[in-house]
Amino acid sequence: MKLVVAGIDLGGTNVKTAIVGRNGALIAKDSRPTEAEDGLETVLDNMSASLEAAMEEAKADPSDLVAIGIGAPGPMNWRTGVVYSPPNLPGWDNVPLADLMRERHGAPTYVDNDANVACWGEFWSGAGREVDSMVCLTLGTGVGGGIVVHGRLLRGPDGTAGEIGHLCVARDGRQCNCGSKGCLEQYASVTGMVRTALEGIEHGQRTILTDMCGGDVERIDGKMISDAHARGDEFAGWVIKETGIWLGTAVGSLINLLNPEMVVFCGGMIAAGETLFAPIRETAKVQSFEVPYKRTVIVPAGLGADSGVIGAAGCALQRYEEETKGRG
């Protein structure tokens, strides 16, 4: 018998599953559409099918499965595994996700915030596996965050610790969906980066983006900005750099607040490489104390797109071991 853990990354577009060894090694994985628009039961069916396909690829029996971890978006109760009303999963309202998946597969099941599990994945077996304290930022439609302090994931009593995307970086800045203004994710997410580009174009900036989108600027997305930069467009490069400056502003404050050994960035935006990371580091250096800045290593994710699924498995394993130890 080989004991394994399953990690599921539940997104509005895709369900990704990984079968992971108890040492954090990736054994097998599967990905398929979430089909969120078809309702809860369809999503659960797709999660189960993804898990079963990954288990089959791993040549693991159901009896080998120690625990299931799920990284889910939106507000939730991480202790009970109830997901409240995630915006990209329509029709979900107080869904007991952990219980529903436990009933289907018979293994202890745990739910955590998707950014937290990505952070734990990098800490457990990715870029942060040699450190004791780290911060992780996930860059996508929004900006997610996770914090590990002295080897423990910081969740907070309400499960909202690590909401780095809602740090205020601009007084009376852009309106955020959370109701506040000037939140980091309004400037440093893919959505924020696109908005920066649109504002520049509205003010007359010359860029090949206007040709690439056929004159319909509402079609501009993150990939288009990245492609324009790769083709030598100076404005697109400026947009990416400006995004890095906003991220560096937040990172400087996080360094002063938490004194982490490492700050890890996840998500597709990190493909911009030093165009993004150079201004992050330069700005963070100016915005933070000298000694903790010198200690902090600022790096891209070591697990690439697998941070979330591996981290979901790792969180589940840790919680399972703590529970069984407590019962023993």
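The values are calculated or read from the model by the stated rules, or taken from the named source; none is laboratory data. Everything quoted here is computed from the prediction, not taken from an experiment. Cβ coordinates were reconstructed from backbone atoms using ideal geometry, including for glycine residues, and neighbour counts include every protein chain displayed.
Taken across region 159-166, residues that are within 21 Å of the chain's Cα centre (by Cα) and on the phi > 0 side of the Ramachandran plot do occur, with at least one present. Do the conditions hold for R281, that is, is it more than 13 Å from L137 (Cβ to Cβ), in the same structural domain as M212 (by TED's automatic domain parsing) and in contact with a strand residue (DSSP E or B) (Cβ under 7 Å, 6 or more places away or on another chain)? When the stated conditions are applied, R281 passes them. Taking region 143-255 as the region of interest, the helices (runs of 4 or more DSSP H) fully inside it that hold 1 or more residues being within 30 Å of R319 (Cβ to Cβ) and of a type in the set (D, E) are 185-188.
Within region 83-92, not a single residue is in a helix (DSSP H, G or I) and either basic (K, R) or over 23 Å from L317 (Cα atoms) (or both). Can you name the residue in region 214-225 that is surrounded by 17 or more Cβ atoms within 10 Å (Cβ to Cβ) and of a type in the set (A, V, I, L, M, F, W, C) and is also farthest from G173 (Cα to Cα) among such residues? For region 214-225, the residue satisfying everything is M224.
Inside region 48-82, residues that are crowded, with 16+ Cβ neighbours inside 10 Å and in a strand (DSSP E or B) make up a count of 10.
Quick check on G302: is it part of a helix (DSSP H, G or I) and either crowded, with 16+ Cβ neighbours inside 10 Å or on the phi > 0 side of the Ramachandran plot (or both)? No: the conditions fail for G302. Of all the residues that make up region 128-142, how many are part of a loop (DSSP other than H, G, I, E, B), farther than 16 Å from Q318 by Cβ, touching a helix residue (DSSP H, G or I) at 6+ places or on another chain (Cβ under 9 Å) and not hydroxyl-bearing (S, T, Y)? Of the residues in region 128-142, 3 are part of a loop (DSSP other than H, G, I, E, B), farther than 16 Å from Q318 by Cβ, touching a helix residue (DSSP H, G or I) at 6+ places or on another chain (Cβ under 9 Å) and not hydroxyl-bearing (S, T, Y).
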